[in-house]
Every structure is written in structure tokens, then in C-alpha cells.
Amino acid sequence: MPDPYWNHNVHYHPLVLGAVPDGCRAAVDVGCGDGLLVRKLAGRARTVTGVDRFPEAIRQARRQSAQVANADFVEADFLDDPLPDGAYDFVSAVAVVHHVDFSKALSAMARLLAPGGRLVVVGLAGNRTPLDWIISGAGLPAARFLAWRHGGKGGPAVPIEPPDLSWAQVRQASRTLLPGSRFRRHLLWRYSLIWERRD
């Protein structure tokens, strides 16, 4: 089934879905918005929870996901510990962590993981060096082509917040906070961060 809309975040949903571990019992999507990724995760996990601090986002998510029996939604700020620690085999967050304190966000999401669970973050970072600007500029033609191919950008209105941390700062902080994590910078002004809880 095709996506109802396309944008730079939806573009990286396949990356997130491809990281879901086999036999995933419980998954949570942090900052779920209208629940599009939750609905996709519902096909790969026994149960999926979407959490978002914005009431209208949760209302939309519940309305659009009414036919998805294994999905539920929580209106809360994930930093306030609304979800049980160690309860999830998979945690995702797409374009979320730059809205809050990076260290607190990673620590909060890591706590949600069961031993052997996997965390996937798709995030944004800021350009600080000439190389940063060159790499970001290289994404412009691809972004324009993809937007054209998908009929333009779309999706619900979401809060926009410029990222505080640079690409290098995100890479370094993630290595410190989540040893063994894998950081990768992507073309459409996003990075992915994947970490597995070993203990």
C-alpha cells in the first residue's frame, strides 16, 4: 500500500522498518505524529505504541489507526517516563530528538529497551563546517527529484525546530552515550543512529 504522502522523514521509514528485530513483541514510536510509522510497525511487531506530547497528533493517530488492532497511542512527553522501562524490543524516533535535550532523549529511549532490544533514531543536525555545507548541498538535487516523483511534499503540519547539535557533535555524543552505536549521515539532511542493548 503506497504512503498517503511523502516527505524527508517518510523517506527514511524503510530504514526504520528494516531494523525491526525478528520476533519483535513490543515496539514504540516516540513522537509518532499522525501514526503513519506506527501503522507500518504494526505489521512487524505484536504490539506497537505511539507516544506524542501534542493532543492533536494523538487524536489524528487514533482516528487514522482505528482499524489497527495491535496499535495504541499515549499522549505524553516521553521524557516524563510515561512508558515502562525495559518493556520494548524496538524503539524508534524520527525527527524528534533535536526538539529536546539530546542526552536526555537518548537515555530515556535506551531505558525503554528490553535486553537485546534495538533503538533506531533518524534525526537532524546542523551544518558547522565547509564540508557539512558541501554534503548538505549535494542533497538538493535528490530532494527535488524525489519530491517531484512523489508529487511534492506532504503530511501533517509539524513543529519546526532547528537542530542545536552539529553532525560531529551528534556522532560524538551518541558514541559516548550509547557505546557501540552506529551513526550514518544520509543524503536528505538526516542521520541514522542504531544501537542494541546488550545487557
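The values are calculated or read from the model by the stated rules, or taken from the named source; none is laboratory data. What you are looking at is a predicted structure, and each value in this text was computed from that prediction instead of being measured. Here Cβ is always computed from backbone atoms with ideal geometry, including for glycine, and neighbour counts include all displayed protein chains. Accessible surface is based on the protein model in full, side chains and every heavy atom, while ligands, DNA and RNA are left aside. Shrake-Rupley method; radii C 1.70, N 1.55, O 1.52, S 1.80 Å.
Counting only Cα atoms, I'd like the Rg/Rh figure for the range 146-192, Kirkwood definition for Rh.
Numbers: Rg = 14.5 Å, Rh = 13.2 Å.
Here the Rg-to-Rh quotient is 1.10.
For a protection proxy built on the mean count of beta-carbon atoms within 10 angstrom, sort 102-111, 132-141 highest first, please.
Highest to lowest by the protection proxy: 102-111, 132-141.
For the chain, what relative contact order do you get, as a whole percent, if you take Cα pairs closer than 8 Å and at least 6 residues apart?
22
Hey, what do the phi angles of the range 161-168 turn into as Karplus ³J(HN,Hα) couplings, whole Hz, using 6.51/-1.76/1.60 and θ = phi - 60°, x for Gly and Pro?
9, x, x, 7, 8, 7, 4, 5
Return the FRET efficiency for the residue pair N127, V158: r is the Cβ-Cβ distance, R0 is 30 Å, and the value is rounded to the nearest 0.05. Please list the in-between numbers first.
Numbers: r = 21 Å, r/R0 = 0.71.
According to the calculation, E is roughly 0.90.
For Y5 and L188 in one chain, what is 0.36 nm times their gap in residues minus the Cα-Cα distance, to one decimal in nm?
Extra length from Y5 to L188 when fully extended: 64.2 nm.
Roughly how many debye, to the nearest 20, is the charge dipole of the chain about its Cα centre, given +1 on each Lys and Arg Cβ, -1 on each Asp and Glu Cβ, and no other charges?
In total the dipole reaches around 700 debye.
Suppose only helical runs count, i.e. DSSP H with n ≥ 4. What mean residue ellipticity at 222 nm does that imply for the chain under -39500 (n - 2.57) per run, divided by all residues and rounded to the nearest 500 deg cm²/dmol?
Details: 6 runs with 64 residues, N = 199.
Using -39500 (n - 2.57) per qualifying helix, the result is -9500 deg cm²/dmol.
Please give the net charge around D132, taking every other residue with its beta carbon less than 13 angstrom from that of D132, where Lys and Arg add +1 and Asp and Glu add -1.
Net charge in that neighbourhood comes out at +3.
What FRET efficiency comes out for A147 versus Q64 if R0 is 22 angstrom and r is the Cβ-Cβ distance? Round to the nearest 0.05.
0.45
In the chain, if the dipole is taken from +1 on Lys/Arg beta carbons and -1 on Asp/Glu beta carbons about the Cα centre, which of I58, A76, G123 is farthest to the positive end?
G123
Once the Cα gyration tensor of the range 88-199 is diagonalised, what are the square roots of 5 times its eigenvalues, in whole Å and ordered largest first, as equivalent ellipsoid semi-axes?
26, 17, 13
Roughly how many Å² is the accessible area per residue of the chain, as a whole number, for a 1.4 Å probe?
51
Between the range 139-199 and the range 47-76, what's the alpha-carbon centroid distance in Å?
The distance from the Cα centre of the range 139-199 to that of the range 47-76 comes to 23 Å.
Based on the mean of other Cβ atoms within 10 Å per residue, sort peptides 33-40, 58-65, 17-24 so the most packed one is first.
Answer by packing, highest mean first, reads 33-40, 58-65, 17-24.
Of the beta bridges DSSP finds with both residues in the chain, what % are antiparallel, to the nearest 5?
DSSP beta bridges in the chain are roughly 30 percent antiparallel.
If one puts a single equal scatterer on every Cα of the range 85-126 and applies the Debye formula without solvent, what log₁₀ I(q)/I(0) results at q = 0.25, 0.32 Å⁻¹?
For the range 85-126 at q = 0.25, 0.32 Å⁻¹, log10 I(q)/I(0) is -0.82, -1.11.
If you bin the C-alpha pair distances of the chain every 10 Å from 0, what whole percents do you get?
Once binned at 10 Å, the Cα pair distances of the chain give 9, 36, 38, 16, 1.
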